[in-house]
Amino acid sequence: MSVIACPIAETAKHHPETVAIASLREVVTYGQLHRRICEYQAGLKPLQLRSCALYAPTSIESIACLWAMFREGITVFVLHLRHEIQTLVPYLHTCEITHVVHDNLPETTPDFPFGLLPLSQLRKPSPNQHPAICLNPISTYIMTSGSSGKPKIAAHTFSQHMYSALGMNTHLVFGPTDQWLLTLPLFHVSGLAILFRCFFAGATVLLPDQGVPLRHLMSALQPSHLSVVPYQLKQLDHIDDITRQKIRAIVLGGSACPEPILKAAHQKGLPVFNSYGMTEMSATITCNDRPNASSGKALPYREIKITETGEIAVRGKSLFSGYLSEG
């Protein structure tokens, strides 16, 4: 079984004061994040979980707990917060989930057949924990968007997420001095991909505060990179010149962008990079290398071609392990 040193632990070892996660209210270094992950490992280890669901808003705590699950070899079903927890019960049964880590559920949820683990109670004192991560077992279950029917459950290994991140980092020359604004939720593969990109680069994840307009977050946090869908790109019309000059890449995806929005962004000097991706390929498959309308070429560790029947065929090291359920 292939094992690697946890990238967070490695950065904590060599550059402990580098900022790992920052929001408008809190800054956490790699050294602090590593210790927090170890504390969540200490809380999870006695439970001996094989798989677990995470139903919590994106926060420093939920990210640390998620990464602790990766270190402990627990398969994590990152749940869609826009769904009531009761509606997700059939999916939880399919994934053979026994417990749900949460940050916003009542202590007694009627007729809920799974154990509830409050996020706030999982951290335990711990001098250190094993920081290695197994690459090949399934690490995450993620629900697809359901654009072609009922959502499916996609299974990914840590390795597949890793190669997705490494390919994008190489393409954008994304490194330790950069900061990626986490504008997408973790129950979406593109949001999860931002964590992997930052932690494998030793870079900073910038966390937005809920309800704060994107243009205000941009001015306050000054990111070098961000991922957006078309309606978010439109919100960047009024960012100030200083903020705009610090942006190195805006990765645009999710759906086709109306030409007027894209043209306006280019006229304002925003470095928009069109991309194409899917859950099944652990997020981004292609990305252009200059601001223009093309979706670019396949990123490292991926291959793509158009078949004789006009279908898009993809493969590579970021290709998922398969569907757990066809719905």
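Using a/c under 1.5 as the rounded threshold, could you call region 109-177 rounded, prolate or oblate? The axes a ≥ b ≥ c are square roots of the C-alpha gyration tensor eigenvalues, and prolate needs a/b larger than b/c, oblate otherwise.
It comes out oblate by the Cα gyration axes.
Below 8 Å, C-alpha to C-alpha, sequence gap of six or more: please give me the relative contact order for the chain in percent.
This gives 17 percent for the chain.
So which GluC sites (Glu not before Pro) in region 232-327 pass both tests, a DSSP loop state and at most 12 other Cβ atoms within 10 Å of the Cβ?
When the GluC sites (Glu not before Pro) of region 232-327 are filtered for loop state and at most 12 Cβ neighbours within 10 Å, 308, 311, 326 remain.
Using the Cα gyration tensor of region 1-141, with a ≥ b ≥ c the square roots of its eigenvalues, what is the shape: rounded (a/c below 1.5), prolate (a/b larger than b/c) or oblate (neither)?
Verdict is prolate for region 1-141.
Residue 152: which lysines have alpha carbons under 26 Å from its alpha carbon, excluding same-chain residues fewer than 8 sequence positions away?
Here the lysines satisfying the reach criterion relative to residue 152 are 305, 317.
Quick one: Cα centre-to-centre distance for region 1-59 and region 156-170, in angstrom?
Region 1-59 and region 156-170 have Cα centres spaced 18 Å from each other.
In nm, to one decimal, how far is the modelled label at residue 94 from the one at residue 173, with both set 7 Å along Cα→Cβ?
That separation, rounded to one decimal, is 4.3 nm.
So which lysines pass the test for residue 246, namely a Cα distance under 30 Å, with those fewer than 8 places away in the same chain ruled out?
By straight Cα distance, residue 246 reaches 13, 234, 263, 268, 297.
For region 56-212, what does the alpha-carbon gyration tensor say about shape, rounded, prolate or oblate, given a ≥ b ≥ c as the root eigenvalues, a/c under 1.5 as rounded, and a/b over b/c as prolate?
Taking the square roots of the gyration eigenvalues as a ≥ b ≥ c, region 56-212 is prolate.
Give, rounded to the nearest 20 debye, the magnitude of the charge dipole that the chain has about its Cα centre when Lys and Arg contribute +1 at Cβ and Asp and Glu contribute -1 at Cβ.
Rounded to the nearest 20 debye, it is 540 debye.
Please calculate how many Å² of accessible area region 200-290 carries per residue, with a 1.4 Å probe and no DNA, RNA or ligand atoms counted.
I get 43 Å² per residue for this part.
Going highest first, how would you order 117-126, 236-245 by mean Cβ packing within 10 Å?
The densest-packed peptide leads the list: 117-126, 236-245.
Roughly to the nearest percent, how much of the accessible area of region 1-93 is carbon and sulfur, given a 1.4 Å probe?
50 percent
Could you give me D for region 41-91, from Stokes-Einstein at 25 °C and 0.890 mPa s, where the hydrodynamic radius is the Kirkwood radius over C-alpha pairs? Units µm² s⁻¹, please.
My calculation gives 210 µm²/s for D.
The values are calculated or read from the model by the stated rules, or taken from the named source; none is laboratory data. Worth saying up front: this structure is predicted, and the values here are computed from it rather than measured. Backbone-built Cβ (ideal geometry, glycine too); neighbour counts: all protein chains shown. Accessible surface is based on the protein model in full, side chains and every heavy atom, while ligands, DNA and RNA are left aside. Shrake-Rupley method; radii C 1.70, N 1.55, O 1.52, S 1.80 Å.
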